[in-house]
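Here is the structure we will look at, set down as structure tokens.
Read-outs throughout are calculated quantities, based only on the coordinates presented, and are distinct from any laboratory measurement. Model, not experiment: these values are computed from the prediction. All Cβ positions, glycine included, derive from the backbone under ideal geometry; neighbour counts span all protein chains shown.
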Amino acid sequence: MKKKIVMVGNGMAGVSCIEQMLKLAPNRYEITIFGSEPHPNYNRILLSSVLAGDADMKDIVINDWSWYEENHITLYTGHTVNKIDTERKLVRTDGGVSVPYDELIIATGSLPFMLPLPGADKEGVIAFRDIKDCETMIEAAKKYKKAVVIGGGLLGLEAARGLLNLNMEVSVVHINEYLMNLQLDRTASLLLQQELERQGMKFLLKKNSESILGKKRVTGLRFTDGSEIETDLVVMAVGIRPNIALAKSSGIEINRGIVVNDLLETNVPNIYSVGECAEHRGVAYGLVAPLYEQGGVLAKRLAGIETAGYQGSVVSTKLKVSGVDVFSAGEYADKPDTRAVRVQDDFEGIYKKVVIRDGKVIGAVLFGDISDGSRLFAMIRNGEDVTGKEKTVLLGEGGGKAKSGLDLVASMSDDEIVCGCNGVSKGAIVQAVQEKGCSSINEIKACTKASASCGGCKPLVADVLTYVLGADGVKTVKEGICGCTTLGRDEVVEAIRGMRLTTSKEVMNVLEWSNTEGCSKCRPALNYYLAMVWPEEHEDERESRFVNERNHANIQKDGTYSVVPRMYGGVTTPKDLKKIAEIAEKYEVPLVKVTGGQRIDLLGVKKEDLPGMWADLDMPSGYAYGKTLRTVKTCVGSTFCRFGTQDAIGMGIQLEKKFERLGTPAKVKMAVSGCPRNCAEATIKDFGVVAIDGGWELHVGGNGGTKLRGTDLLCKVKTEEEVLEWSGAYLQYYRETGKYNERTAEWVERVGLDTIKVALESKEDRTALIERIEKALDLMKDPWKEIIEQQELRKTFVPMEEQSAESILK
Amino acid sequence: MKRIHVGNISEIAEKRSRVVRIGALEIAVFKFSGGTVRAIENRCPHKAGKLSEGIVCDHHVFCPLHDWKINLHDGVVQAPDEGCVTAFQVEVDESGDMYLHIEEESIRAS
Ligand SMILES: Cc1cc2nc3c(=O)[nH]c(=O)nc-3n(C[C@H](O)[C@H](O)[C@H](O)COP(=O)(O)OP(=O)(O)OC[C@H]3O[C@@H](n4cnc5c(N)ncnc54)[C@H](O)[C@@H]3O)c2cc1C
Ligand code: SF4
Ligand code: FES
């Protein structure tokens, strides 16, 4: 008969131990797990991301129900174990279930520490620990405005950031003068505070809470200095306590946590403990990396494999708040026997400090740029002697110049840890690539668990992948344009040209797509490539277009659309404005808004009203929905502005008229400013034109979207004709070499500015490019007009059939 | 069960769909390449995206809002997402006229 393992606690540490044990000894035990929470095992760390809106609850499940089934694990959720009978080797739950064990693991985690303030039992006072707390906050944000987070540590700040994202006004109360005082030094802490204040967080530092105000629900918080703050929600994030009640009542030795030895054994035979509830050599850890290490040791112990035992861990922390990069590890505080190398750059908002004792790196704090984090952490763990090259440790070989990710990976030794949470080394990842054929982050994640927890190491994992797979260390990973093929963009376009393929169907057939009709990723991409290569022959495949481009309007979250008439250079007339206003009234448009590109957006239009509205407007489509030229933003330039040196409006209108409707790999935005004051913000556009005395500067590859990028200067020219010439050649080169969905900002970085400069350098090459773009432009028709005029197309905008419920039910 | 005439198969282009409204119930009728038709409720189980506007591949549609993939034969959401959309039976006669079969309760409930 198989031996029975029972585990109390269905959390991160315990289940990780079981996972590792199953790998070592798949059939040795019959396993039963009890968990108080009603969910299968989930990634608690990512609750912060759920709260911040970056992940869904379902994204954070680590092992779903079927995993337990497949591994023949009996799982009792919603059951709290309240009795361990160590004599008869039985556990019993509050639900009346009783199960015998041969080996018992206690992995009950910890409990959030709740300040014993008067009023702490009021509605709206919670901790931040589990899914329920997360849901409570999300619900509260729908009804209430103000939130206070008590505790300016890691957890408190992550909670505060999440609440900000939920549109609450958030104040963080902290007893210390500095935020994250347990992980950061004063300088880093101040930098952090400034950044968070910029994001809208308010701070009440050096404040001691006295009582929580309100009748049934909290209405405010009073401090010991007599001051008060109003609030509708209080989140306490002041620390955690190992959850040891069960162990204590069962006669197991406890101190702060459940006392375990290097093999994670308690003082009672056959009972072990891992995770936040356990205390090893006087330390109870509160981060997953050490807990997973403990799990690994216990897994070996249970599988009967020799192990050196758990030796304790050096920990590192990272704040998971968007826009703030903070890292700290080891001993970071200055002491009489330590020396430190520091770099502080107030312009870039960067602070780095490496603490050294007896020639060894013992701690580090990084703010603003944490790319050195894993390298330094590895040094701390290895206790590397850096005598004589202390500065190089921080500044790198290049003496201050940041190393690229690939250089960094190349210089890492095989046993350096890449994923701190799961303890995955560079060597393990390299092995997974070479021996198991992993070629994407997801495969690495499935295979080694690297990047599966907090996700902070993803960029580094990607660098390792690129480093191994790229033959000469530079080539990037080869990935197909979608899951239907292993061919990349260039191979597909090459085949379209070389084999004269003119329909998506042909491409998929000839190139042996794994899904016969493709997917939502490749179909629009193929449609674009075909039109780019064969502007004349290719017939647009409406069924392969994304809804916005098919309906020539942006779909909104409620299924309505928005209508944006073309307004060249952002200039309109009173007459057009009147017309737009009248039509907005006629169709009861619920929201009229000016867009970021200086156009008028009529939002909330029903699909069936679109053709009618377009007909009434009788204006060209503004293409606010397509992978095409969107707008050319302009400033007033010399027309009115006292600084303007050139006619920015005129130039903008010319550009917009020239390139409207042109299909491009991704949307393209342009702007023209009349002088270097750059009021049209041309240097964050795909193509920006800035007037200078006697000429124009042409800027490329800017983006103001998700990833902010300033432009690179392409060249300077003298005349308006030259602006048109260069912009046309540039756009066509992008059309011909860009990947579908790749904005110019990414494209410029991928192909390199110099390559682009060379491609456009000679007059001859520019002319050839322009001839090709002209061909494409010649074929463009206004889509609104086309639909208004063609009954067949117009029909698809109204329901095929509409019947009332009564008429059918009678 | 009601049998409701909802137009002719020729009114839908291949790999596209058309909307049918029965009271407050909105149904998307899809035509695959090859001519098979299928009908499902026009509401993604995720955030209520209009599935009629999605890209149709084989017998699947990709929701236009967040790209969930749904099997049009049975309305089942494909992994890694989960859920299900109500599917309705469509019948096509020799002249191409299409009929939807709908429980009276679903019309009343909508
Ligand atoms: C919002 C948040 C963000 C975090 N961010 C990070 C981070 O970025 N990096 C990091 O390393 N760590 C982070 N942590 C900490 C990390 O989540 C914990 O260290 C880890 O989850 C501890 O694992 P555990 O298994 O010991 O406890 P848990 O994951 O808490 O699991 C214990 C489980 O046991 C159950 N249980 C308790 N008693 C009983 C009983 N008597 N019977 C049955 N079941 C019981 C509990 O309900 C719980 O589900 C974060 C924590 C939170 C809350
Ligand atoms: S960019 Fe120069 S010309 Fe244009 S509005 Fe600003 S100051 Fe005036
Ligand atoms: S609403 Fe359909 S995928 Fe989100």
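Taking the Cβ-Cβ separation of residue A:142 and residue A:594 as r and a Förster radius of 30 Å, what is the calculated FRET efficiency to the nearest 0.05?
0.55
How much length is gained if the chain between residue A:56 and residue A:267 is pulled fully straight, taking 0.36 nm per residue apart and subtracting their Cα-Cα distance, in nm to one decimal?
The span from residue A:56 to residue A:267 would gain 71.9 nm if fully extended.
Any idea what angle helix A:131-143 forms with the longest principal axis of chain A, computed on alpha-carbon atoms, 0 to 90 degrees, nearest 10?
50
Compute the separation of the alpha-carbon centres of the stretch A:764-804 and the stretch A:50-102 and state it in Å as a whole number.
Cα centroid of the stretch A:764-804 versus Cα centroid of the stretch A:50-102: 58 Å apart.
For chain A, what is the relative contact order in percent, using Cα pairs closer than 8 Å and at least 6 residues apart in sequence?
Relative contact order for chain A comes out at 7 percent.
If I stretch the segment between residue A:407 and residue A:707 completely, what's the gain in nm (0.36 nm per residue apart, minus their alpha carbon distance), one decimal?
105.7 nm
Tell me which residues come under 5 Å, amide H to amide H, from residue B:58 once H is placed; ignore anything under 5 positions away on its chain.
Amide H to amide H, under 5 Å and 5 or more residues apart or across chains, residue B:58 pairs with A:517.
List the chymotrypsin sites (Phe, Trp or Tyr not before Pro) in the stretch A:552-647 that DSSP assigns to loop (not H, G, I, E or B) and whose Cβ has at most 15 other Cβ atoms within 10 Å. Which are they?
Filter output for the stretch A:552-647: A:640, A:643.
Per chain B: cysteines with no other Cys C-beta under 4.7 angstrom?
B:57, B:84
Counting other beta carbons within 10 Å of each residue's own, what order do A:138, A:126 fall into, fewest first?
With the sparsest Cβ surroundings first, the list reads A:138, A:126.
Summing Lys, Arg as +1 and Asp, Glu as -1, what charge do residues with Cβ under 9 Å from the Cβ of residue A:339 carry, residue A:339 excluded?
Every neighbour counted, the sum reads -2.
Taking the stretch B:1-105, which GluC sites (Glu not before Pro) meet the DSSP loop condition and have no more than 11 other C-beta atoms within 10 Å?
The qualifying sites are B:94.
Tell me, in nm to one decimal, what length is gained between residue A:181 and residue A:616 on full extension, where the rule is 0.36 nm per residue of separation less the Cα-Cα distance?
150.3 nm
Return the FRET efficiency for the residue pair residue B:73, residue B:95: r is the Cβ-Cβ distance, R0 is 22 Å, and the value is rounded to the nearest 0.05.
Calculated transfer efficiency: 0.35.
Compute the distance in nm between two label points, each set 7 Å from the Cα along the Cα-to-Cβ direction, one at residue A:241 and one at residue A:224.
1.9
Rounded to the nearest 0.05, what FRET efficiency is calculated for residue A:762 and residue A:314 with R0 set to 45 Å and r the Cβ-Cβ distance?
It comes out at approximately 0.15.
For the pairs A:58/A:667; A:557/A:606; A:320/A:449; A:143/A:216; A:58/A:627; A:2/A:445, note any where the Cα-Cα span goes beyond 21 Å.
A:58/A:667; A:58/A:627; A:2/A:445
Give me a comma-separated list of calculated 3J(HN,Hα) values for the stretch A:248-253, in order, Karplus coefficients 6.51, -1.76, 1.60 applied at θ = phi - 60°, integers in Hz, x for any Gly or Pro.
Rounded to whole hertz, the list is 4, 5, 9, x, 8, 5.
As a check on your grasp of the helix formula, calculate [θ] at 222 nm for chain A: sum -39500 (n - 2.57) over DSSP H runs of n ≥ 4, divide by the residue count, round to the nearest 500.
-10000 deg cm²/dmol
Go through the stretch A:713-728 residue by residue and turn each phi into a ³J(HN,Hα) via Karplus (6.51, -1.76, 1.60, θ = phi - 60°); whole Hz please, and just put x for glycine and proline.
6, 7, 5, 10, 10, 9, 10, 5, 4, 5, 4, 5, 4, 5, 5, x
Is it possible to state the helix-based mean residue ellipticity at 222 nm for chain B, with each DSSP H run of 4+ residues giving -39500 (n - 2.57), the sum divided by total residues, to the nearest 500 deg cm²/dmol? What is it?
It comes out at -1000 deg cm²/dmol, rounded to the nearest 500.
Angle between the Cα long axis of helix A:373-382 and the longest principal axis of chain A, 0 to 90 degrees, nearest 10?
30
Would you calculate the separation in nanometres between label points at residue A:539 and residue A:87, each defined as 7 Å from the Cα along the Cα-to-beta-carbon direction?
8.7
Mind sorting A:166, A:629, A:264 by how few other Cβ atoms lie within 10 Å of their own Cβ, fewest first?
So the residues, fewest neighbours to most, are A:166, A:629, A:264.
Could you pull out every residue, at least 5 positions away or on a different chain, whose amide H is within less than 5 Å of the one on residue A:628? Hs are placed 1.01 Å off N in the peptide plane, and Pro or chain starts have none.
Under 5 Å from the amide H of residue A:628: A:664, A:667, A:668.
Relative contact order of the stretch A:515-594, please, whole-number percent, based on alpha carbon pairs below 8 angstrom and at least 6 residues apart.
In percent, rounded to a whole number, it is 14.
Remind me, relative contact order of the stretch A:584-675 in percent, using alpha carbon pairs under 8 angstrom and six or more residues apart?
27
Tell me which residues come under 5 Å, amide H to amide H, from residue A:238 once H is placed; ignore anything under 5 positions away on its chain.
A:113
What distance in nm separates the simple spin-label points at residue A:490 and residue A:791, each placed 7 Å from Cα in the Cβ direction?
5.1
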